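The structure under discussion appears below in the form of structure tokens.
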Amino acid sequence: MGTRAGLAYPEGNPAALTASAGRLSDLAARIERASASIAESIRVSGWEGHRYGVFTTAGRALADVLGPGAAALRRTSSELTELATELKDAQRRIEAWADEIEAAQRRFRAAGSALNAAMFANPLGAGAVTSSPGSSGLGRAQAAYERAASELDELRAHYLPKARQLCERLRQEDERTASTLRTAAASAPKAASGAPSPLSFFDLNTDASAGFGNRDGTFGGSASASIEAILARLHKEFDDGASTTEIEATVGANAEASAKAEVGPGGLHLGAGGQAQAGAKAELSGTLGDEGTFALKPSIDGRLGPGVEAGASIDADGKGLHFGVHAGASAVIGGGLHLEVDVDPGGLLDAAREAPRTIEKIKDILG
Amino acid sequence: MIANDPAQTRSAGSRLTAAGGELLYAAGGANPGSGAGGDATPRTDATLGALGSAWTSGLRTLGEQVEALGRYANLAATAYERAGG
């Protein structure tokens with residue numbers, strides 16, 4: 001809290017508040033437009049199925065988060081505007097009162113100077129002032145001085161409490177606005193639940209198993225893990241008049257790893273294997289895919305002592321899908337295989353484009 | 001049943017990507033206290049910063065999610081367009 005001419009004066013810049021209110025109002029408008037656009041965009045006629053369900057659910061969740069947030073910003077903008085108006089009005093009124101007081105102070109100082117000058121000019125006139133006020137210059141100066149002092153006292157007595165009241169009202173308004181701001185800050189959007197990541201576009205299947213066994217005197221462990229991400233499943237029927245052929249094909253990527261270690265009368269046997277592929281794969285076929293679609297990074301390790309482990313994981317980022325599968329088994333001495341696969345979804349889409357041709361090839365193979 | 005109209009789906013994806021971009025742009029200007037030219041009022045001024053920080057972070061997250069949803073729709077359109085051709 002500042003002071004002007006001895007009066008309490010509210011701190012703050014109304015223009016800054018107005019500017020902040022304007023920015024919040026603009027922000028709310030942008031958010032409302034985005035929210036409306038999302039709500040409109042998720043209504044896609046002609047798209048049905050599970051992925052459309054994921055899409056619309058996520059879109060609704062996003063729009064639902066944004067709507068109340070924009071409303072909170074609108075309220076905050078409105079409160080800031082009110083506070084700016086009150087602050088500006090209070091500052092204007094107190095400045096006017098301060099101007100009155102400062103003018104009275106100037107008159108008081110001028111009257112004091114005039115009185116000093118009169119007393120200097122008539123050092124023996126003090127008694128005359130007492131006996132005949134107003135009958136001499138000194139008497140008039142004395143009276144003017146007393147009036148100026150009285151006027152200044154009256155103005156101060158009148159405006160000091162009024163200024164304090166205005167400042168107190170503004171302090172309360174400031175507190176209310178700050179409270180609204182805190183509420184709006186708390187209603188800032190968090191991540192919407194259910195928003196799909198690139199992963200959710202794929203049908204994912206993972207499997208991992210590991211265990212020990214003892215059969216016919218052979219003791220061993222085995223482990224396997226696999227992961228499959230299917231982008232699209234295709235189905236085609238061919239009818240040549242004499243027979244009908246149905247072919248199922250998938251577009252996606254998969255990886256699997258397995259390891260086995262056995263020790264028995266025949267000695268120690270170790271084995272590990274794995275594969276990964278990406279592209280379009282049709283039943284009874286090989287694969288048709290672009291080598292650039294995925295990168296395979298295998299690694300092996302040696303193990304000592306019994307143990308088995310297997311697992312599969314998948315992650316996605318802006319660069320694509322990343323698979324990891326590992327399997328390891330050891331009876332006494334064993335080994336493990338770890339496959340890391342990076343898949344480019346764009347390559348998968350290209351493979352998807354080729355998939356119908358793959359099916360035609362299968363049809364040719366089938367005769 | 002699984003069906004898709006690639007053109008409409010791609011249009012939805014484009015609109016969502018644009019809406020996500022709009023939110024990310026809004027996140028960049030979500031600080032209501034910056035550049036106002038001076039202090040507001042003491043208590044309000046202190047909370048304007050917190051408000052801006054919370055909304056900047058939240059809008060950035062949501063903007064990325066909306067853009068991701070747009071890419072999801074575009075991916076769907078491309079997949080069905082190519083696979084169904």
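General observations
- In the range A:67-86, residue most open to solvent (accessible area, probe 1.4 Å) [restricted to those that are over 20 Å from the mean Cα position of the chain (by Cα) and among the small types (G, A, S)]: A:S78
- Among the residues listed as A:D99, A:D64, A:D89, the single one being modelled with pLDDT under 90 and either open to solvent by 60 Å² or more (accessible area, probe 1.4 Å) or under 57 Å from the mean Cα position of the chain (by Cα) (or both): A:D64
- Single condition A:R109 does not satisfy, out of (1) within 14 Å of another protein chain (Cβ to nearest Cβ); (2) part of a helix (DSSP H, G or I): (1)
- With respect to (1) at positive phi; (2) touching a residue at least 24 places away in the same chain (Cβ under 8 Å); (3) small (G, A, S), the lone exception for A:G49 is condition (2).
- With respect to the conditions (1) under 22 Å from the mean Cα position of the chain (by Cα); (2) modelled with pLDDT under 70; (3) surrounded by fewer than 16 Cβ atoms within 10 Å (Cβ to Cβ), B:M1 falls short on a single one, namely (1).
- Selected residue (criterion: farthest from B:V66 (Cα to Cα)) from residues of the range A:24-67 that are polar (S, T, N, Q) and out of contact with any Ser or Thr (no Cβ under 7 Å at 6 or more places or on another chain): A:S45
- Residue that is modelled with the lowest pLDDT, among those in the range B:21-35 that are buried (at least 21 other Cβ atoms within 10 Å of the Cβ) and facing chain A (nearest Cβ under 8 Å): B:G33
- Restricted to the range A:156-166, and to residues there that are hydrophobic (A, V, I, L, M, F, W, C) and crowded, with 20+ Cβ neighbours inside 10 Å, the residue that is farthest from A:A34 (Cα to Cα) is A:A163.
- Matching residues in the range A:72-108 - criterion: being farther than 17 Å from A:A149 by Cα and without any contact (Cβ under 8 Å) to a residue 12 or more places away in the chain: A:D89, A:R92, A:A96
- Among the residues of the range A:52-71, those that are more than 9 Å from chain B (Cβ to nearest Cβ) and free of Cβ contacts under 8 Å to residues at least 60 places away in the same chain comprise A:G53, A:T56, A:R60, A:A63, A:G67, A:A70, A:A71.
- Condition check for A:L199: out of contact with any Lys or Arg (no Cβ under 9 Å at 6 or more places or on another chain), modelled with pLDDT under 90 and surrounded by 15 or more Cβ atoms within 10 Å (Cβ to Cβ): no
- Summed over the range A:165-180, residues that are over 19 Å from A:L24 (Cα atoms) and among the charged types (D, E, K, R) total 3.
- A:R43 away from every other protein chain (no Cβ under 12 Å) and of a type outside the set (D, E): no
- For the range A:174-188, taking the residues that are crowded, with 24+ Cβ neighbours inside 10 Å and within 20 Å of the chain's Cα centre (by Cα), the one that is farthest from the other protein chains (Cβ to nearest Cβ) is identified as A:A184.
- Among all positions in the range A:90-98, there is no residue which is closer than 25 Å to A:R182 by Cα, touching a Ser or Thr at 6+ places or on another chain (Cβ under 7 Å) and within 11 Å of chain B (Cβ to nearest Cβ).
The values are calculated or read from the model by the stated rules, or taken from the named source; none is laboratory data. Just so it is clear, the model here is predicted, and its values are computed rather than measured. All Cβ positions, glycine included, derive from the backbone under ideal geometry; neighbour counts span all protein chains shown. What goes into the accessible areas is simple: the full protein's heavy atoms, side chains included, and nothing from ligands, DNA or RNA. Shrake-Rupley method; radii C 1.70, N 1.55, O 1.52, S 1.80 Å.
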